[in-house]
C-alpha cells in the first residue's frame, strides 16, 4: 500500500520551552553553538552579533517574539491534528543521531531500527538548573521510562529491501544498557504521538558528522527506495512518513529555507538532490531528512506548510522552524 500521508517537523528545544524563555532569549546557548555563513564557512557569535545590530531591535521585540512563539504552537497543534486524522498504522520517521546511539568511534551513514519497541529514558530526578537544559528534557517522560511501539515487520521489510537495492544499512534490532532513542525521535513521540501511540520505524541519517554524511542526492535516492518498499509491504496498513529536524540552524538561512520549501511545493527533486553539501552544515544538515522524505512521497501533494524564521538571540541566531503535511 502506498504511503497515505506525510509530515515534516522541526525538533528544536525551542518547541519545548515556554514563552518566558523565548523572551529571555537564547544568547547563552547560541554563543557556544556552531554557526555557519550561507556558503558554509564557519563564523563566530561576535560576527553575527555585530551584523545583527540594525535589525535586532525590531525582530527581538517582545511582540515579535510572542508572535513567533504563538505561530509555532499553532503549527504544532495543527500538525498533531493532521497526524491523528490520518489514522496511521505505522509511521516511518527520518531523523539524525547526534551522539545519542552512535559515537565518533563508530557512526553509520544510514541506520534503521526494527525492534518491537524502543526506549525513551525518563527525565532525571534532579533536573539541571539551566532552563534550556530543562526544556530539552521535556522530550523525555517524567517518572519512568517509556517503551514505545515500533513496527518491527515494516522495519525489517525496509532493511531487507534496501539491502537488495544496493544500500548498505546498519540494522538495529534492540538497544542495550542505558541506550535510548535520540531527540529526533522522542521529539516526535512527545509532540505528536503522546495521545495515540503509532508504531514507528526510526530511520537514522548521519546528517551532522564528517566524513560519511550521505549527499543530498543519496538521501533522495534512499527516500525513493523507502517509498517503493512501503508500497510492497504486505497487507493494508496505513503507512505515514515524517521528516524530523531542520530547517536551517543555528544560523537562520531564510533564503536557503525558502528555496527548499519552494522545491518541495513544486516537487523539484532535481533541485533538492543538487543542493551543495557545503551549505548543509551543523543543524542545517537536517534538511537531508526532508529531502529523503520528499523522495518517498512523490505521489503526494503538499497541502499545508508553516514556516517561522525563529530568531532567538541578540545576534539573530536561531532556527528555521518548519511544519508540513502532505496527502
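The values are calculated or read from the model by the stated rules, or taken from the named source; none is laboratory data. It should be emphasised that the depicted structure is a prediction, and the values quoted were computed from it without experimental measurement. Neighbour counts are summed over all protein chains in view; Cβ atoms, including those assigned to glycine, are modelled from backbone coordinates with ideal geometry.
Quick one: which helices (runs of 4 or more DSSP H) sit completely within the range 41-144 and have at least 3 residues that are at pLDDT below 95, more than 30 Å from residue 212 (Cα to Cα) and touching a helix residue (DSSP H, G or I) at 6+ places or on another chain (Cβ under 7 Å)?
Fully inside the range 41-144 and qualifying: nothing.
Are there any pairs with C-beta distances below 6 angstrom linking a residue in the range 269-285 that is farther than 22 Å from residue 300 by Cβ to a residue that is assigned to a helix (DSSP H, G or I) and modelled with pLDDT of 95 or more, with the two at least 6 apart or on different chains, and if so which?
Pairs found: 280/287.
Need pairs with beta-carbon distance below 8 Å; first residue within 16 Å of residue 28 (Cα to Cα) and within the range 44-56, second part of a helix (DSSP H, G or I) and at pLDDT 95 or above; sequence gap 6+ or separate chains.
Final answer for the pair search is 45/30.
One line per residue, one yes/no per condition, for (1) assigned to a loop (DSSP other than H, G, I, E, B); (2) closer than 23 Å to residue 300 by Cβ:
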{"site": "190", "(1), (2)": "no, no"}
{"site": "194", "(1), (2)": "yes, no"}
{"site": "225", "(1), (2)": "no, yes"}
{"site": "230", "(1), (2)": "no, yes"}
{"site": "241", "(1), (2)": "no, yes"}
{"site": "250", "(1), (2)": "no, no"}
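Is it the case that residue 152 is surrounded by fewer than 19 Cβ atoms within 10 Å (Cβ to Cβ), at pLDDT 95 or above and under 20 Å from residue 100 (Cα atoms)?
Answer is no for this residue.
Among the residues in the range 232-240, are any over 24 Å from residue 165 (Cα atoms) and in contact (Cβ under 8 Å) with a residue 12 or more places away in the chain?
no
Can you work out which of the residues in the range 177-209 that are modelled with pLDDT under 95 and over 30 Å from residue 73 (Cβ atoms) is surrounded by the most Cβ atoms within 10 Å (Cβ to Cβ)?
By that ranking, first place goes to 178.
With respect to residue 292, determine if the residue is closer than 15 Å to residue 242 by Cα and part of a helix (DSSP H, G or I).
For residue 292, the condition - closer than 15 Å to residue 242 by Cα and part of a helix (DSSP H, G or I) - is met.
If we keep just the residues of the range 206-220 that are within 15 Å of residue 111 (Cα to Cα) and assigned to a helix (DSSP H, G or I), which is farthest from the chain's Cα centre (by Cα)?
Checked the range 206-220; the qualifying residue farthest from the chain's Cα centre (by Cα) is 218.
Going residue by residue through the range 163-185, is there one that turns out to be free of Cβ contacts under 8 Å to residues at least 12 places away in the same chain, part of a helix (DSSP H, G or I), over 20 Å from the mean Cα position of the chain (by Cα) and under 15 Å from residue 112 (Cβ atoms)?
Within the range 163-185, one or more residues are free of Cβ contacts under 8 Å to residues at least 12 places away in the same chain, part of a helix (DSSP H, G or I), over 20 Å from the mean Cα position of the chain (by Cα) and under 15 Å from residue 112 (Cβ atoms).
Which pairs turn up if I take residues in the range 11-39 that are at positive phi and in contact (Cβ under 8 Å) with a residue 24 or more places away in the chain and look for partners that are surrounded by 18 or more Cβ atoms within 10 Å (Cβ to Cβ) and outside any helix (DSSP H, G or I) with beta carbon separation below 9 Å, at least 6 apart in sequence or on another chain?
Close Cβ pairs (under 9 Å, with a partner that is surrounded by 18 or more Cβ atoms within 10 Å (Cβ to Cβ) and outside any helix (DSSP H, G or I)) amount to 25/60; 25/312; 25/313; 25/314.
Can you tell me how many residues in the range 1-40 are under 30 Å from residue 227 (Cβ atoms), assigned to a loop (DSSP other than H, G, I, E, B) and touching a helix residue (DSSP H, G or I) at 6+ places or on another chain (Cβ under 9 Å)?
Final tally of qualifying residues: 7.
For residue 291, work out the one condition from (1) in contact with a strand residue (DSSP E or B) (Cβ under 6 Å, 6 or more places away or on another chain); (2) under 30 Å from residue 103 (Cβ atoms); (3) crowded, with 24+ Cβ neighbours inside 10 Å it doesn't fulfil.
Failed condition: (1).
So which of 272, 300 ends up being over 21 Å from residue 44 (Cβ atoms), in a helix (DSSP H, G or I) and at pLDDT 95 or above?
From the options 272, 300, the qualifying one is 272.
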